[in-house]
Ligand code: ADP
Ligand code: MG
């Protein structure tokens with residue numbers, strides 16, 4: 001993923017302001033920064049929910065800057081949301097099937113059975129295959145996050161955008177999430193993850209981009225970035 005000079009302004013508020021991000025194929029790349037620094041807005045522009053004020057987004061050599069969200073999904077982009085967005089009156093499997101139905105998926109045209117099979121595969125991958133037919137409301141918050149990840153995986157993305165998947169998880173669930181991220185990466189998927197858990201971020205990501213007030217203030221190899229004085233002061237304040 002090549003993001004260059006990306007901006008998203010809401011009236012006078014420069015939520016994202018000229019940001020560059022280069023995510024290497026097959027890597028886990030973290031996007032971090034204090035609350036309100038523009039992380040979710042960046043993801044919303046990348047997935048096409050918001051139109052960029054300026055800048056360019058290239059995925060796998062294709063310029064997706066002006067594409068509609070469903071076209072980006074077809075181009076290989078999958079995402080989860082900071083605030084869980086599942087259909088609560090439907091089962092886990094039904095929710096994940098929606099992800100498998102993306103245009104351009106080789107599954108389309110092979111009938112409902114293939115869709116169900118792909119969705120089951122994704123649910124099983126996140127460890128919830130045995131509960132496929134339960135309603136969303138019967139799942140814990142942590143498991144609902146896993147179902148969102150399964151829905152994204154069901155579309156066979158090449159790039160997965162995760163917005164705070166560890167938020168609200170207990171320590172056991174966080175360890176499970178960490179394991180899952182490793183297994184996703186081992187499948188060759190590229191991951192761009194937003195999270196506040198620095199242990200998770202430093203262990204899971206090879207590369208970190210840091211935003212503050214909509215601007216990129218640091219970028220590079222994880223440990224070096226976390227020691228960067230500007231990053232330390234953005235998080236902890238200066239002395
Ligand atoms: P983060 O995810 O880093 O916490 P956000 O991207 O959610 O930050 O928000 C960045 C800034 O943009 C904040 O000041 C927020 O209030 C503002 N913002 C986000 N979405 C909108 C919107 N739809 N309309 C107006 N302002 C917004
Ligand atoms: Mg956010």
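Please report the projected area of the stretch 84-156's Cα convex hull averaged over all directions, in nm².
Orientation-averaged projected area of the Cα hull: 4.3 nm².
Taking the number of other C-beta atoms within 10 Å as the exposure measure, put 57, 231 in order starting with the fewest.
Ascending number of Cβ neighbours within 10 Å: 231, 57.
Just the number, please: Stokes-Einstein D of the chain in µm²/s, Kirkwood Rh from C-alpha pairs, 25 °C, 0.890 mPa s.
In µm²/s, the coefficient rounds to 135.
Quick one: Cα centre-to-centre distance for the stretch 134-189 and the stretch 1-35, in angstrom?
Cα centroid to Cα centroid, the span is 22 Å.
State the volume of the convex hull built on the alpha-carbon positions of the stretch 1-107, expressed per residue in Å³ and rounded to an integer.
Spread over its residues, the Cα hull of the stretch 1-107 gives 131 Å³ apiece.
Based on DSSP H runs of at least 4 residues, each adding -39500 (n - 2.57), what is the mean residue ellipticity at 222 nm of the chain after dividing by all its residues, to the nearest 500 deg cm²/dmol?
My calculation for the chain gives -10500 deg cm²/dmol from helical runs alone.
If neighbour count is taken as other Cβ atoms inside 10 Å, put 178, 29 in order from fewest to most.
Ascending Cβ contact count within 10 Å gives the list 178, 29.
Can you give the relative contact order of the stretch 115-239 as a percent, counting alpha carbon pairs under 8 Å and 6+ residues apart?
RCO, the stretch 115-239: 17 percent.
For residue 170 and residue 63, what is the calculated FRET efficiency with R₀ set at 30 Å and r taken between the beta-carbons, to the nearest 0.05?
For R0 = 30 Å, the calculated efficiency reads 0.15.
Quick one: give the max-minus-min coordinate of the C-alpha atoms of the stretch 126-190 along each principal axis, largest first, in Å.
31, 26, 19
Relative to the present Cα-Cα distance, how much length would full extension add between residue 112 and residue 22 at 0.36 nm per residue of separation?
Once the chain is fully extended between residue 112 and residue 22, it gains 28.7 nm.
Relative contact order, percent, of the chain when contacts are C-alpha pairs under 8 Å separated by at least 6 residues?
27 percent
With axes computed from alpha carbons, what is the tilt in degrees of helix 141-153 against the longest principal axis of the chain, rounded to the nearest 10 within 0 to 90?
Orientation of helix 141-153: about 80 degrees from the principal axis.
For 141, 235, which order do you get if you count the other beta carbons within 10 Å of each Cβ and list the fewest first?
With the fewest neighbours first, 141, 235 line up as 141, 235.
Any read-out appearing in this document is the output of simple, stated calculations on the displayed coordinates, not a laboratory observation. Since we're looking at a predicted model, the values are computed, not measured. Neighbour counts are summed over all protein chains in view; Cβ atoms, including those assigned to glycine, are modelled from backbone coordinates with ideal geometry.
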